[in-house]
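K.L.:
Got a structure for you, questions after.
The values are calculated or read from the model by the stated rules, or taken from the named source; none is laboratory data. These numbers were taken from a predicted model, which means no experiment stands behind them. Backbone-built Cβ (ideal geometry, glycine too); neighbour counts: all protein chains shown. Please note that ligands, DNA and RNA were not included when accessible areas were found on the heavy atoms of the full protein model with its side chains. Shrake-Rupley method; radii C 1.70, N 1.55, O 1.52, S 1.80 Å.
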Amino acid sequence: MELWYSEQHTDYVRFSLKIKEQLFCGKSEFQQIDILDTYEFGRALTLDGYLMVTEKDEFIYHDMIVHVPMATNLNIKKVLVIGAGDGGTIRELTRYQGIEQIDMVEIDEMVVKACRKFLPQTACKLEDPRVRIYYEDGLKYVRRKENEYDLILVDSTDPFGPGEGLFTKEFYGNCYNALKEDGILVNQHESTYYDAYVEAMKRAHKRIMETFPIARVYQAHIPTYPSGHWLFGYASKKYDPLLDLKEKEWNALGLTTKYYNTQLHKGCFALPNYVTEQLNEA
Ligand code: SAM
């Protein structure tokens with residue numbers, strides 16, 4: 001018998017992976033959690049039937065969410081990560097010796113437990129002594145913080161279910177307050193190739209633009225996400241991701257990355273015309 005996982009990308013498009021076996025299946029207070037072993041993409045985490053991470057292409061997402069802001073300000077010391085229960089974002093952050101503290105706020109402890117057991121490739125640095133994990137809603141956590149973080153990474157699910165609050169004006173305003181005067185916010189910003197996702201992306205962009213003086217969008221190619229084209233939001237009170245890129249200094253760190261490099265950093269802010277139009281409409 002053949003086993004296939006299928007994700008509905010639109011009413012008329014499905015993305016399917018052939019499965020070797022299901023490694024984990026659990027239902028938490030927040031969502032359905034599954035970990036599958038696939039033939040082409042290795043192990044994969046799905047939440048409520050949506051692919052979050054696969055072993056084969058997670059490096060693209062995690063390189064791009066972490067190294068773009070880190071190469072813009074090499075003095076980042078205190079980081080807040082919201083979501084990110086698979087641990088991949090934390091793994092990349094721990095490669096920077098200069099980072100002193102990483103606070104991770106994940107709503108769902110069951111995701112972290114399952115990833116620790118079945119996805120060690122991404123969860124491998126959750127024990128780093130600089131990492132503190134808080135199991136609570138990121139929306140509530142950030143309300144209590146003021147002038148504390150150099151960088152906030154929002155590595156969340158989509159703008160429905162438990163992740164919905166992380167795309168609101170209130171949340172972005174609270175992130176602004178939680179950041180220091182030269183703070184940077186990077187969020188996963190959805191994709192706009194399919195019509196179903198356009199309005200959510202525009203709304204998020206509008207809210208971020210209204211909150212931060214510098215707000216840009218950059219892109220990456222992520223094969224297992226709808227359309228394979230994904231966007232990230234970059235916002236800051238001070239640093240422009242292109243004018244302030246510390247190219248020589250970042251390269252001098254000698255970090256080996258499989259996707260990110262400083263040439264790509266400059267290129268990823270150049271967006272296709274249809275995306276630029278959507279952002280202008282926002
Ligand atoms: N890279 C993935 C993507 O963009 O598809 C995201 C992966 S990560 C596993 C997303 C995490 O965000 C999930 O573990 C989920 O439990 C967590 N999450 C969703 N809403 C949250 C909230 N309001 N506060 C904190 N964590 C949240």
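K.L.:
For residues in the range 1-17 being open to solvent by 70 Å² or more (accessible area, probe 1.4 Å) and either assigned to a loop (DSSP other than H, G, I, E, B) or charged (D, E, K, R) (or both), which is farthest from Val198 (Cα to Cα)?
P.N.:
Among those residues, the one meeting the criterion is Met1.
K.L.:
Report whether or not Leu126 is surrounded by 19 or more Cβ atoms within 10 Å (Cβ to Cβ) and farther than 26 Å from Gly42 by Cβ.
P.N.:
Spelling it out, it is not the case that Leu126 is surrounded by 19 or more Cβ atoms within 10 Å (Cβ to Cβ) and farther than 26 Å from Gly42 by Cβ.
K.L.:
Does Thr94 fit the bill of being assigned by TED's automatic domain parsing to the domain that holds Phe167 and under 29 Å from Arg216 (Cα atoms)?
P.N.:
Criteria met by Thr94.
K.L.:
Another one. Let me confirm something: among Leu23, Leu51, which residue is within 11 Å of the ligand (Cβ to nearest atom) and touching a residue at least 60 places away in the same chain (Cβ under 8 Å)?
P.N.:
Leu51
K.L.:
Looking at (1) closer than 25 Å to Tyr197 by Cβ; (2) not assigned by TED's automatic domain parsing to the domain that holds Arg130, which is the one condition that is false for Gly26?
P.N.:
That leaves (1) as the condition not met.
K.L.:
Checking Arg43 against (1) within 14 Å of the ligand (Cβ to nearest atom); (2) surrounded by fewer than 21 Cβ atoms within 10 Å (Cβ to Cβ), only one condition comes out false. Which one?
P.N.:
(2)
K.L.:
Yes or no: Ala235 modelled with pLDDT under 95 and assigned by TED's automatic domain parsing to the domain that holds Pro69?
P.N.:
no
K.L.:
Do you know which residues across the range 75-100 are within 11 Å of the ligand (Cβ to nearest atom) and either modelled with pLDDT under 95 or in a loop (DSSP other than H, G, I, E, B) (or both)?
P.N.:
Ala84, Gly85, Asp86, Gly87
K.L.:
In the range 89-123, which residue that is under 22 Å from Thr257 (Cα atoms) and of a type in the set (Asp, Glu) is surrounded by the most Cβ atoms within 10 Å (Cβ to Cβ)?
P.N.:
Per the criteria, the residue is Glu92.
K.L.:
Out of (1) surrounded by fewer than 19 Cβ atoms within 10 Å (Cβ to Cβ); (2) closer than 21 Å to His9 by Cα, what's the single condition that is false for Glu190?
P.N.:
Status for Glu190: all satisfied but (1).
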